[in-house]
Amino acid sequence: MSGPRSRRVIELDADARAALERVTRRTTEAAGLVRRARIVLLVASGSPLDQVAREVGVRPNVVRTWADRYRAGGLAALRDRPRSGRPRTFSP
């Protein structure tokens, strides 16, 4: 028997859902962004956080983090933030 299941409610309108689904279907998009968009779509569908975490292959606190970031900033908040440190010296 598992503990209480935490829920993060995300309500998506048709445009937001379509944008997230587009991201998950793109083959040229960064894998991290695709995973984050998938997390948001699963949370918005009403799945419990622990179930989303198992399905995506991350820990529940990661699901919580991305759900909260999406709620605060939309699709733009799912993109990688600039990292500190020395800039790359070679091209990707």
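The values are calculated or read from the model by the stated rules, or taken from the named source; none is laboratory data. Just so we're clear, the structure is a prediction, and the values are computed from it rather than from any experiment. Here the Cβ positions follow ideal geometry from the backbone for every residue, glycine too, while neighbour counts run over all protein chains shown. Accessible surface areas use protein heavy atoms only, side chains included; no ligands, DNA or RNA. Shrake-Rupley method; radii C 1.70, N 1.55, O 1.52, S 1.80 Å.
Data table
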{"item": "Top-ranked residue in the stretch 52-68 [being in contact with a Lys or Arg (Cβ under 8 Å, 6 or more places away or on another chain) and free of Cβ contacts under 8 Å to residues at least 24 places away in the same chain; ranked as farthest from D15 (Cα to Cα)]", "result": "V58"}
{"item": "Residues (among the hydrophobic types (A, V, I, L, M, F, W, C) and either under 14 Å from V23 (Cβ atoms) or not in a helix (DSSP H, G or I) (or both)) located in the stretch 35-55", "result": "A37, I39, V40, L41, L42, A44"}
{"item": "Residue in the stretch 15-26 that is in contact with a helix residue (DSSP H, G or I) (Cβ under 8 Å, 6 or more places away or on another chain), open to solvent by 40 Å² or more (accessible area, probe 1.4 Å), not in a helix (DSSP H, G or I) and not hydroxyl-bearing (S, T, Y) present", "result": "yes"}
{"item": "Meets criteria (touching a Phe, Trp or Tyr at 6+ places or on another chain (Cβ under 9 Å), open to solvent by 100 Å² or more (accessible area, probe 1.4 Å), in a helix (DSSP H, G or I) and not small (G, A, S)) for R71", "result": "no"}
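Condition check ((1) touching a strand residue (DSSP E or B) at 6+ places or on another chain (Cβ under 6 Å); (2) of a type outside the set (D, E); (3) at pLDDT 95 or above; (4) open to solvent by less than 30 Å² (accessible area, probe 1.4 Å)) across all residues:
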{"site": "V9", "(1), (2), (3), (4)": "no, yes, no, no"}
{"site": "T28", "(1), (2), (3), (4)": "no, yes, no, no"}
{"site": "L49", "(1), (2), (3), (4)": "no, yes, no, yes"}
{"site": "A53", "(1), (2), (3), (4)": "no, yes, yes, yes"}
{"site": "V56", "(1), (2), (3), (4)": "no, yes, yes, yes"}
{"site": "N61", "(1), (2), (3), (4)": "no, yes, yes, no"}
